[in-house]
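Right, one structure below, let's go through it.
The values are calculated or read from the model by the stated rules, or taken from the named source; none is laboratory data. Please read these numbers as outputs of a predicted model, since none were measured by experiment. Reconstructed Cβ throughout: ideal geometry from the backbone, glycine too, with neighbour counts over all protein chains shown.
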Amino acid sequence: MDNKAIAGILYETADLLEIDGQDSFRIRSYRNAAEAIEALPQQVASLIAEPKKLLAVPGIGKGMLANLQHLFEVGTVEVHAELLKKYRPSMLELLKIQGLGPKTIALIWSAYQVCDLDGVEALAREGKIRTLPRMGEKHEQKLLKAIEDYRRIGGRFLLDTAEQLAEKLVAHLREAPGVEKVTPAGSLRRGRETVGDLDILVTGKACADPEARQKMVDHLLRFPGLMEVIGQGDNKISFRQRNGIQVDVRLLPPESFGAAMQYFTGSKAHNVALRQRALKMGYTLNEYSLADLETDKPVAGKSEEEIYAKLKLDFIPPELRENLGEIDAADKHALPQLIEISDIRGDVHMHTVETDGRNTIEEMADAAQARGYQYMAITDHSKNLAFANGLTDERALAHIERIKAAEKNINEKSQHPIRIFAGIEVDILADGSLDLSDSVLEQLDIVIASVHSHFNQDRDAMTERLLRAVANPNTSLIGHPTGRLLLRRDAYAFDLDAVLKAAAKHKVAMELNAYPDRLDLSDVHLRLARQHGVKIVINTDSHHTSHLEKIRYGVTQARRAWLTKDDVLNTLPPQKFAQAMRHGWLGEPPPNS
Ligand code: DGT
Ligand code: CA
Ligand code: CA
Ligand code: ZN
């Protein structure tokens, strides 16, 4: 069990204690321990035999140590198990509803002894929530909306959450006896922005005979965080992790591995179209093989490559398999040369300790250099974002000097010089003006203009607001243009088409914010941007050095949007890139303006 899983149980315990009305000191001790364990560089699992070291961690006292020891010996935290028995696990699901905290849940429980989603929804519909102390009709409506939202998006997970789990599971399965190949398929392999469940394919001797199979299954069931097995057949095991993700593991014979990869990578729509093509060519296609329609004899199945080749198609990268024209393009040898992570020469959206980042300019530069970047930009917030300690005109000017000094300093010492652009992420105010003076903005290398407030403006006002920001001669690009937070907050309402048209005219770029909760613009919107001839900048919006690696989630979405290197400005060399940021991108005029 890793630290994240342990912290998860302790957080749940704290919530359950709060529902149970226990004293706040005790509740806090669980939250503190959970936070401490999340931040701990070593794994608790490796320290559990050394109580002294664990007791030295602030937030872990004797009582908590006993809890952890029990967890590793028996597999549960006692209070957690007792409270779950008292309230049933459905209580934990209630905590995931926006605006439904432990206090309200306790209130509902004490009045109605209801502790599951369906039950709470029914109470709200019957008008029985508004009668509770400190509640009203407005609360009740909000609650119903939150439950609806949860049902709609609930059960899906962010790409990075799914990927981290998949990486651990793949590594775990590789250790099993008789396993040769393990690979994730499904929406994760296609790089979809959210993932419903994990599909993992396994092949090797372990899949051949029942005895070997049992050994491998026994090993699989020891995977840390595995909560319950949902189904187990001859060649498929489904289980649920503690964090709610469901996993389907499929055991396959080597001769079918490619066919299974193709089938279980999907998408379903791509598969249906591909099968139709196969039929027209006299083949059948399923998860076992591509076979002759007449004789049933397999003609391909070991690898995906041979299947696509037999169907007279260029190999289609998984990111494109959504039945959005890729089969036709592969038939005509017209698939795009998709952008790759190695094409990215710099990351130009990051924050430092000057506002709400966690690292200094120098630390961010070190990390960017370690990635081999030729350039980067420091883009701290502007004053409208008061809680982030955003910069005033005066502080912005001083920050430019600091950035330039840091660049000089670093490059004097380093063999691989890096350009550090002085930038800003300036707020687009409610009326579309920018939060800093023109005289300051003019002195910056990069101006990212972003909406961070007044998300609820009506569609026309928001469109005007963004159009005005695009038309500002100092704007280089629009940051996270739709403002959505995946699985949490919808995009604000505005006319994206109109904004893209204006962006093409003013040669203002759009950001692809690679942070996994944003992925904004989305793949669909990126394709639209490309049709408008609008260039993209892929950024991480890093608030910590460890965030820089998230650039790959952006590159994956760009690939899903069929983007090539030429569509993305931060693949340019430093000088050309700088020019594009100050004066708009160079080159051909947009096709449809
Ligand atoms: P998800 O899990 O909702 O994020 O999306 P996927 O694409 O991973 O979907 P999933 O897990 O239901 O199935 C994995 C793949 O298996 C899917 O992409 C294509 C294939 N598949 C599933 N059901 C069908 C089906 O009824 N027909 C065909 N042709 N393929 C299917
Ligand atoms: Ca799936
Ligand atoms: Ca599945
Ligand atoms: Zn921002």
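A few points about this structure:
- Any hit, the range 513-524, residues being touching a Lys or Arg at 6+ places or on another chain (Cβ under 7 Å), assigned to a helix (DSSP H, G or I) and of a type outside the set (S, T, N, Q): yes
- Across the range 1-23, the number of residues qualifying as of a type outside the set (A, V, I, L, M, F, W, C), in contact (Cβ under 8 Å) with a residue 60 or more places away in the chain and either part of a helix (DSSP H, G or I) or under 23 Å from LEU165 (Cα atoms) (or both) comes to 6.
- Some residue of the range 400-421 being within 30 Å of ASN456 (Cβ to Cβ) and either among the aliphatic types (A, V, I, L, M) or not in a strand (DSSP E or B) (or both): no
- Check on GLU228, away from ligand 3 (no atom under 16 Å from the Cβ), part of a helix (DSSP H, G or I) and acidic (Asp, Glu): no
- A single member of GLY59, GLY63, GLY101, GLY75 is under 30 Å from GLN141 (Cβ atoms) and assigned by TED's automatic domain parsing to the domain that holds LYS145, and it is GLY101.
- Across the range 443-462, not a single residue is classified as within 24 Å of the chain's Cα centre (by Cα) and more than 17 Å from LEU385 (Cβ to Cβ).
- Residue match in the range 571-580 (condition: surrounded by 20 or more Cβ atoms within 10 Å (Cβ to Cβ), under 17 Å from ALA503 (Cβ atoms), modelled with pLDDT of 95 or more and small (Gly, Ala, Ser)): yes
- Matching entry among LEU487, LEU477, LEU512, LEU519 (being within 16 Å of ligand 1 (Cβ to nearest atom) and either buried (at least 23 other Cβ atoms within 10 Å of the Cβ) or within 25 Å of THR360 (Cα to Cα) (or both)): LEU519
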